[in-house]
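Step one of this worksheet: look at the structure below.
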Amino acid sequence: MKLTIIYLISICLLWINSGRPVTFNKSNNGPGPLIMKAKEIYTKNYDNKKLAGLTISYVTGETRWIGKENRKSHKLLGIYHLFTPSGIHLTAVITFIFFLLKMFRIKNRYVKNSVVVLTCLTPFFLPKLFSMKRVSLMRFVFLITSKIKWLKNVSPFYLFLASFGIDFLVGTYSHSQLSFAYSFLFLGIIMAVSEDKIGRAAWPLLGGQIIISFFQQTSVSLVGPFLGFALTALFTLLFPLIFFLFWVEMLIPITITEYVVAFYISFVEWSARLASFFQEMEVSALMLALVVLLSVRSNFVWVGRFKLIVVLILAVFHSVPAWNHKKYLALNPVEIKKNSRIQGDIIEKRVTSTGFINKFKSGKICSHKLYEGGYSSSCRR
């Protein structure tokens, strides 16, 4: 039932926030001086300029230099989250500091605990980094409860729920609702299946990807998430090295990180080509119900039989086009882009039940309605 709880809460969070207006912040001055300095150094030293941009993106979360093809392949494989500073990045920092402590033969337990505490405190004094703040809060909850005798035996899953409950009430949820929902879904899946074998997390993660695709109105690759699961595991192993070398190469003109990132990207490109051979699937409400249903575990025989019957019914309905309309985006994106250039930058985009509405700097408001065979648009001031 743990996985079912995660799925249902995530669906509620995404349902509530899926229609929230998306505002583009035009006051953003772009990357900070440190990131721009890294861009200058890495572009100068690297033979492959695309790898320079990817290295900076992996370490800092600045995504403007990823490149169109790499952006597409990461999304297809469900590993675009690697560009967001999160638990992987936080763990890499701690691993790097522990490596230094080991080098200097410092084995004091209190020193190590202090390192964890100080590292987890740091994101709270920096702007944004909402995903990292959530993971830091969760680590604090785990650390504090491990010191309290009557809380030592509490399941990590319920501690995870408690930490995200605190974050929901007084933390980052009010600043980044969708980011909170995504973090809750995927971290929750990992916590829900943490007592199982690691390989069993692949299917629940595919379920998570299907849930995300339903609310984003995008298709999902049935192969991509499995390959992405393996690539995330590989990235977790390589990232501490990438993180350490990134700062070394800022001071010393060496390019070891280029070869490490090239090694990883070769696997990403190969996996993306493999996933592209398989047709992507449109996600309907019936498929969403199927994902939740299959997550239910029970020792009662009748529950197992009931699940089988419902799976067969949903499979029949899902194969009938009348019950599973394909979700079309605007069929003439060139016209929309042209309209955007004429009117100036979009300052607000709001999703509606029939399409979306764009508001431009010039004051013009354009409404786009999506249909099975195309779309219509109308503008007003």
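The values are calculated or read from the model by the stated rules, or taken from the named source; none is laboratory data. These numbers come from a predicted model, not from an experiment. Virtual Cβ from ideal backbone geometry, glycine too; neighbours counted across all protein chains shown.
Could you please find all residues in the stretch 177-214 being polar (S, T, N, Q) and at pLDDT 80 or above?
Result: Q177, S179, S183, Q209, S213.
Among the listed residues F142, F157, identify the single one that is touching a helix residue (DSSP H, G or I) at 6+ places or on another chain (Cβ under 7 Å) and within 30 Å of L286 (Cα to Cα).
F157
Within the stretch 55-70, the only residue that satisfies the criterion of being crowded, with 22+ Cβ neighbours inside 10 Å and either in contact with a Pro (Cβ under 6 Å, 6 or more places away or on another chain) or aromatic (F, W, Y) (or both) is Y58. With respect to I88, is the statement that it is among the β-branched types (V, I, T), buried (at least 19 other Cβ atoms within 10 Å of the Cβ) and at pLDDT 85 or above true? No, not satisfied. Just a yes or no: is a residue in the stretch 301-308 surrounded by 14 or more Cβ atoms within 10 Å (Cβ to Cβ), farther than 23 Å from L205 by Cβ and at pLDDT below 75? There is at least one residue in the stretch 301-308 that is surrounded by 14 or more Cβ atoms within 10 Å (Cβ to Cβ), farther than 23 Å from L205 by Cβ and at pLDDT below 75. Taken over the stretch 234-262, the criterion of being free of Cβ contacts under 8 Å to residues at least 24 places away in the same chain and assigned to a helix (DSSP H, G or I) is satisfied by L237, L241, L245, W247, V248, L251, I256, Y259, V260. Take the conditions modelled with pLDDT of 75 or more and either closer than 20 Å to G207 by Cα or in contact with a Cys (Cβ under 9 Å, 6 or more places away or on another chain) (or both) and apply them to L290. Does it pass? The answer is yes for L290.
The number of residues in the stretch 229-257 being within 16 Å of F98 (Cα to Cα) and aromatic (F, W, Y) comes to 3. Of all residues in the stretch 336-381, which are buried (at least 16 other Cβ atoms within 10 Å of the Cβ), among the polar types (S, T, N, Q) and modelled with pLDDT under 65? Answer for the stretch 336-381, where residues must be buried (at least 16 other Cβ atoms within 10 Å of the Cβ), among the polar types (S, T, N, Q) and modelled with pLDDT under 65: N339, Q343. For S136, state whether it is touching a residue at least 12 places away in the same chain (Cβ under 8 Å) and within 27 Å of L227 (Cα to Cα). So S136 does not fit the description; no.
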